[in-house]
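The values are calculated or read from the model by the stated rules, or taken from the named source; none is laboratory data. Small disclaimer: the values here were computed from a predicted structure and weren't measured. Note: ideal-geometry Cβ built from the backbone for every residue, glycine included; neighbour counts use all protein chains shown. Side chains are part of the model used for accessible areas, which takes the heavy atoms of the whole protein and leaves out ligands, DNA and RNA. Shrake-Rupley method; radii C 1.70, N 1.55, O 1.52, S 1.80 Å.
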Amino acid sequence: MNKHSCGLCNGELLSLPLPHQHRVMLSDGRCLDIPLEKTTCLQCGIAAHARPLTVASIRDVYGDDYALASASPLADAARARAYADALTRLVTPHRRILEIGCGSGALLRELHGRWLDASLTGLDPAVPESAGNGARIRYKRGFFEAFGEEKEEFDLIFSVNVIEHVADPGEFFARAAALLAPGGQMVFFCPTSEPPNLELLFHDHLHTFTPAALERLARAVGMTMQIQENRVEGLGDFQFISFVQSTRTVAQLSNVDPIKLAQQRTDYLLAWRNLEKILHARIGAVDRVALFGAGQMAALLRAYAPTLWERVDMLVMDNPGDAWSLDKPVRAYADVRDTLQDAVMVIATAPGAQGFVANRLVADGLKTVRFDDLISS
Ligand SMILES: [Zn+2]
């Protein structure tokens, strides 16, 4: 049954348009044959599924098939450095630190070398055996819901791109708050809500949080927002939020108008719905279509523009080692550039990079199609 009011603030919900009638994408690129039915709250601005997903169906997503963390070790290491840079800039060092959902463990290893007095604990259902424990670092396999029976306390609890996957954020906040030592701090990175961006298209992003929604969750467990940065330098469309144990409001909430956000989200998903048709028109009646890019944007086109995907005969990128596992051949641009004169190249990179990439291909004499005028984030 569809919900009619927000589970967080009881505000009125608006149904968002489907980007495709019967397809969704998971954040690792896999597709499911169901529609992406999300809602936006007109009061707190949270985006959520119209029909709450069951815990079992969510866990199915992160079984052996979930591929994101192991996609590319180089990308994983670069990501860990970028998040460590942000954390060390925004958070003062603490002694006992817990990362919820530590993935490969790369970020904790990075922090191990920067916060020399800290003892670090990483928790993840899929942390690899090779992560390795040390004197100040240990990894535990498991779900957060089952953690904390040893009555340990932590001075800093953080997670990176986890809370948007959590079915019950209120319970998650309560569990985290219960593990904090007096004076402790809770820190989250998650996708930014405004402007709407690619993450809204991910089926396994169960919520998109506005600062107001996060503040509401924190207040319910006796915490208050200390710092909020909407788009963290070096991280793209991701926000940083930190909470401390206090009932006094410390931070100035960034001003996201939930009514305007509902309109922006509606426009954004309609742009995705129309994208397939517009791309066919821009490509025209040619025999060969190739994509430049074999990562997240290519995967999104496979999911939400499937008839375009059928026309694509190869994916091209500079470093095929970074390609996602999609069902098309991947070629190095330097190897195939001279064979692409008769093809139309659809620039399947992040919108912000499409102009740069297209100029480069045009300079090599290739025909390009971009869509950053339709999808700008
Ligand atoms: Zn709400």
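Things worth noting here:
- Close contacts from region 294-313, counting a first residue that is outside the structural domain of residue 204 (by TED's automatic domain parsing) and a second that is hydroxyl-bearing (Ser, Thr, Tyr) and open to solvent by 20 Å² or more (accessible area, probe 1.4 Å), with Cβ to Cβ under 6 Å and a gap of 6+ residues or different chains, come to 297/349.
- Positions within region 123-140 being under 22 Å from the mean Cα position of the chain (by Cα) and not in a loop (DSSP other than H, G, I, E, B), in sequence order: 123, 124
- Among the residues making up region 159-177, those that are under 17 Å from residue 219 (Cα atoms) and either touching a residue at least 40 places away in the same chain (Cβ under 8 Å) or open to solvent by less than 30 Å² (accessible area, probe 1.4 Å) (or both) are 163, 169, 170, 172, 173, 174, 176, 177.
- Single residue of region 10-48 satisfying the filter (open to solvent by 40 Å² or more (accessible area, probe 1.4 Å) and of a type in the set (A, V, I, L, M)) that is farthest from the ligand (Cβ to nearest atom): 32
- Within region 325-350, the set of residues being open to solvent by less than 10 Å² (accessible area, probe 1.4 Å) and under 24 Å from the mean Cα position of the chain (by Cα) comprises 346, 347, 348.
- The set of residues in region 218-252 being in contact with a Pro (Cβ under 8 Å, 6 or more places away or on another chain), over 25 Å from residue 76 (Cβ atoms) and open to solvent by less than 10 Å² (accessible area, probe 1.4 Å) consists of 225 alone.
- Among the residues of region 257-293, those that are over 17 Å from residue 17 (Cβ atoms) and touching a helix residue (DSSP H, G or I) at 6+ places or on another chain (Cβ under 7 Å) comprise 279, 280, 289, 291, 292.
- Count - residues of region 188-214 that are in a helix (DSSP H, G or I), open to solvent by 10 Å² or more (accessible area, probe 1.4 Å) and within 14 Å of the ligand (Cβ to nearest atom): 1
- Residue 136 fulfils the conditions (1) touching a strand residue (DSSP E or B) at 6+ places or on another chain (Cβ under 7 Å); (2) within 19 Å of residue 189 (Cβ to Cβ) except for a single criterion, (2).
- Any hit, region 77-93, residues being over 30 Å from residue 295 (Cβ atoms), part of a loop (DSSP other than H, G, I, E, B), open to solvent by less than 50 Å² (accessible area, probe 1.4 Å) and modelled with pLDDT of 90 or more: no
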